Amino acid sequence: TVEETARREVLEETNLAAGKLEPFGVFSSGELQTFSNGDQAQVVTVLFTTDSVTGVLKPDAEGLELRYFGLDALPEPLF
C-alpha cells in the first residue's frame, strides 16, 4: 500500500519509524523530470503527516543531512 511504502521509505532514509499516518495531499509537478540516466518521468508525490516517530535521526547513503524545523522556521525553498 502507499502507507506501507511511506513507512518503509521513512525508515530507510531517516532511520525513524513513523507513528499513525494521515494523508496530507497528492501533488504533481506537471513537468517531466529528466534523471541522470536520461529517463524521464512526471513525479507524483503522496504526503502524509504522523503523530510521532521513534528512533535516532540518521541519513542513509541518499542523504547528506537531516534536521527538524519548527513550522515557523521552515527553510526556503522547501523543495
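On the chain, 56 percent of the accessible area sits on carbon and sulfur atoms, based on a 1.4 Å probe. Using a Gaussian network model of the chain with C-alpha springs under 10 Å, which one of 24, 69, 48 is most mobile by mean-square fluctuation? Of 24, 69, 48, the most mobile in the Gaussian network model is 69. Could you work out which residue, out of 49, 14, 34, moves most in a Gaussian network model of the chain, that is, has the largest mean-square fluctuation with Cα springs under 10 Å? In this elastic network of the chain, the residue with the biggest mean-square fluctuation among 49, 14, 34 is 34. Across 31, 62, 22, mean-square fluctuation computed from a Gaussian network of the chain (C-alpha pairs under 10 Å connected) peaks at 31.
Give the accessible surface of the chain per residue, rounded to a whole number of Å², with probe radius 1.4 Å and ligands, DNA and RNA excluded.
Details: 6650 Å² over 79 residues.
That works out to 84 Å² per residue.
Amide H to amide H distances under 5 Å link residue 53 with 19, where only residues 5 or more positions off or on other chains count and H is placed in the peptide plane.
On full extension, the segment bounded by residue 53 and residue 24 gains 8.8 nm, given 0.36 nm per residue less the C-alpha separation. With contributions of -39500 (n - 2.57) from each DSSP H run of at least four residues, the per-residue ellipticity at 222 nm computed over the chain stands at -5000 deg cm²/dmol. A simple spin-label model places pseudo-atoms 7 Å from Cα toward Cβ; at residue 61 and residue 4 they are separated by 2.5 nm.
For the chain, trypsin sites (Lys or Arg not before Pro) are listed when DSSP marks them as loop and at most 16 other Cβ atoms sit within 10 Å of their Cβ; the list is 20, 67. Couplings for the range 9-14, taken from phi via the Karplus curve 6.51 cos²θ - 1.76 cosθ + 1.60 with θ = phi - 60°, read 5, 4, 5, 5, 8, 10 Hz in order; Gly and Pro are left as x. The alpha-carbon atoms of the range 1-67 define a convex hull whose volume equals 116 cubic angstrom per residue.
The values are calculated or read from the model by the stated rules, or taken from the named source; none is laboratory data. Please read these numbers as outputs of a predicted model, since none were measured by experiment. Note that we place each Cβ from the backbone using ideal geometry, even for glycine, and neighbour counts take in every protein chain shown. Keep in mind that these areas ignore ligands, DNA and RNA; they rest on the heavy atoms of the full protein, side chains included. Shrake-Rupley method; radii C 1.70, N 1.55, O 1.52, S 1.80 Å.
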